[in-house]
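Starting off with a structure, shown below.
Coordinate-derived values only; no laboratory data. Nothing here was measured: the structure is a model prediction, and the numbers come from that model. Neighbour counts are summed over all protein chains in view; Cβ atoms, including those assigned to glycine, are modelled from backbone coordinates with ideal geometry.
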Amino acid sequence: LNRRLAAFGTTIFAEMSALASSTGSINLGQGFPDTDGPAEIAEAAVRAIRDGRGNQYPPGPGVPELRTAIAAHQQRFYGLGYDPDTEVLVTAGATEAIAAALLALLEPGDEVIALEPFYDSYAACIAMAGAVRVPLTLRAPDFRPDLDALRDAVTPRTRLLLLNTPHNPTGTVLTPAELAAIAELAVERDLLVVTDEVYEHLVFEGGHTPLASFPGMRERTVTISSAGKTFSFTGWKVGWITAPPALVSAVRSAKQFLTYVSSGPFQYAVAEALALPDSYYDGFRADLAAKRDLLADGLADAGFEVFRPQGTYFITTDVSPLGEKDGLAFCRALPARCGVVAIPNQVFYDDKSAGATQVRWAFCKRTDVLQEAVNRLRQL
Ligand code: PMP
Ligand code: GLN
C-alpha cells in the first residue's frame, strides 16, 4: 500500500457493519435504510433489465433519460437550469463523483478546505490526488462553521472548497447566510467549490439551498447528489454531478478511467424515481423526521448528550455523560455490552480531541428496530 493511502486503513463503515453481523447486533452504524425504496421504482429496474435497456455499457455521461431527469429535478426544486447534454454527469454513486471531481480538479500540493468531521472518503480522495486537506472544524454543541476561520484558512495555494450540506455526521444544515458568506469568499478568492448534497431531501427545519444558487457560484461549483439516499436504494450506486460544461468535462476525464460507466438498468429506474410527485419526497422526509424524534428522545433518555440534527439521517451524541472517555472504544465494546452498533465520529476528525467522545447513530431504520435499540441502550 502506498504512503498516500496507508494512513486510512479499513473504512469504519466496513469495520462496524462486520461487527454488527458477527455479533447479530442492531446496526445503527453504516447509513443505509433497512427498508427498500418504492416498489414501483424497483419494478422499473426489473423492467429495464427485461427490456434490454442498460444491460450493455451505457453512454459515458449517463443515459439521456436520467440526465434529463436530473436536470428537471434541479429546475423543479431549486429553479437551477442545467443542460442535460453538457452539464450533467452520471457517476457510480456520490462516492465516485467525489473521487473523480477531486482527481480531475486538483494538482499535487493544492490545498482543499473541508468541513471536519469529514465523510471518510474526502480525506482519502484528497490524499490520492496528492493534495493537502485543511480542516475547518465544526465543534459541539452547535457545529456551525466559523466563517472568520474559513477566511483565514484561504492561502495562495487554496484551490477548492469541499462542502457538505446537510452535513454527515453532525446533521448541520448550512443557513442561507452561511452559504452566502462562503459564496462571497469563493468568488473573491476565485476558488472552485465541490458541494456534496446527497441529503438534500432530508432537511427537517427550513429547506435545502444549493450553494450553486448563489451569485457567482453556478460557474465555479460542482454539485453532487445520489439516488442512494433520496430513494433508499444505496446498493444501486447511482450518483451524479451538475456543473458548467468545462467542469463536467474535467470530471468526466477522470471518471472514464475509474469506472467508465456503471449501473445501466438502474439509471432508467432512477430517472423514473426523480419524477415522483412531491408526495413521495414529503412522505420520505416526514417519515424520517418522526424517526429522528424517536431516536433522539430515546438516546437522551438513555443518558447521552444529544445534538439534534437539522438534516441527514444521523444523530451525533456525546458519550461523556455515561462516564465514557473514548467514542471508538465505546463503539467497539457496545455490541458485546448490549447488541447495538454505532459509529465513532473521531475517525472523521484530524483534530481528534474535537470528536473524541462523539458517537453517531443512523435512524433510517424501522420504528420497531429503533425502539428495540433504545430499550437495549437504556440498560447501559
Ligand atoms: N457523501 C456523503 C456525505 C455520504 O453520507 C455518502 C454515503 N451515502 C456518500 C457521499 C456516498 O454516497 P453513494 O452511496 O451514493 O456513493
Ligand atoms: N454514507 C454512509 C454513512 O455515512 C455509508 C457509506 C459507506 O459505507 N461508504 O454511513
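Based on alpha-carbon positions alone, could you give the equivalent ellipsoid semi-axes of the range 105-176 from the gyration tensor, as √(5λ), descending, whole Å?
Taking √(5λ) for each eigenvalue gives 21, 14, 9 Å, largest first.
How would 325, 237 line up from fewest to most surrounding beta-carbon atoms within 10 angstrom?
Listed from fewest to most nearby Cβ atoms, that is 325, 237.
Within the range 39-276, what percent of beta bridges assigned by DSSP are antiparallel, to the nearest 5?
For the range 39-276, the DSSP antiparallel bridge percentage is about 30.
Largest first, please: the extent of the C-alpha atoms of the range 171-329 along each principal axis, to the nearest Å.
Cα extents, longest axis first: 52, 43, 35 Å.
For the chain, give the magnitude of the charge dipole about the Cα centre (Cβ charges: +1 Lys/Arg, -1 Asp/Glu; no others), in debye to the nearest 20.
Dipole of the chain, to the nearest 20 debye: 820 debye.
Normalised by the empirical 2.2 N^0.38 Å for globular proteins, what value does the Cα Rg of the range 1-44 take?
Compared with the compact-globule rule of thumb, the range 1-44 sits at 1.70.
Need one number: the % of Cα-Cα pairs in the range 1-98 sitting beyond the 17 Å mark.
Looking at the range 1-98, the distances longer than 17 Å represent 72 percent of pairs.
While we're looking at this one, here's another question. By count of other Cβ within 10 Å, fewest leading, how are 16, 128 ordered?
Placing the least packed residue first, the sequence is 128, 16.
Taking the alpha carbon gyration tensor of the range 260-365, what are the square roots of 5 times its eigenvalues, largest first, to the nearest whole Å?
32, 18, 12
Compute the signed sum of charges (Lys and Arg +1, Asp and Glu -1) over the other residues within less than 13 Å, Cβ to Cβ, of residue 200.
Taking every Cβ under 13 Å from that of residue 200, the sum is +1.
Just how large is the dipole of the range 192-317 about the Cα centre, in debye to the nearest 20, putting +1 at every Lys and Arg Cβ and -1 at every Asp and Glu Cβ?
Using only the charged Cβ atoms, the result is roughly 600 debye.
Roughly how compact is the range 125-262, stated as its Cα Rg over 2.2 N^0.38 Å to two decimals? Working shown, then result.
On the way: Rg = 15.3 Å, N = 138, 2.2 N^0.38 = 14.3 Å.
Normalised Rg, Cα atoms only: 1.07.
In nm, to one decimal, how far is the modelled label at residue 34 from the one at residue 256, with both set 7 Å along Cα→Cβ?
For residue 34 paired with residue 256, the spin-label model returns 4.5 nm.
Counting pairs of alpha carbon atoms under 8 Å apart in space and at least six apart in sequence, what relative contact order in percent does the chain give?
For the chain, the relative contact order is 25 percent.
Label the range 34-145 by shape, choosing from rounded, prolate and oblate, from the square roots a ≥ b ≥ c of the eigenvalues of the Cα gyration tensor; if a/c is under 1.5 it is rounded, and otherwise prolate applies when a/b is larger than b/c, oblate when it is not.
Note, shape of the range 34-145 comes out prolate.
How large is the Rg to Rh ratio of the range 39-276 when both quantities use alpha carbon positions and Rh follows Kirkwood?
Here the Rg-to-Rh quotient is 0.96.
Under a point spin-label approximation (7 Å from Cα along Cα-to-Cβ), what is the residue 152-residue 329 distance to one decimal in nm?
3.3 nm
Same structure, new question: How would 320, 121 line up from fewest to most surrounding beta-carbon atoms within 10 angstrom? Can you show the working numbers first?
Values: 320 14, 121 20.
With the sparsest Cβ surroundings first, the list reads 320, 121.
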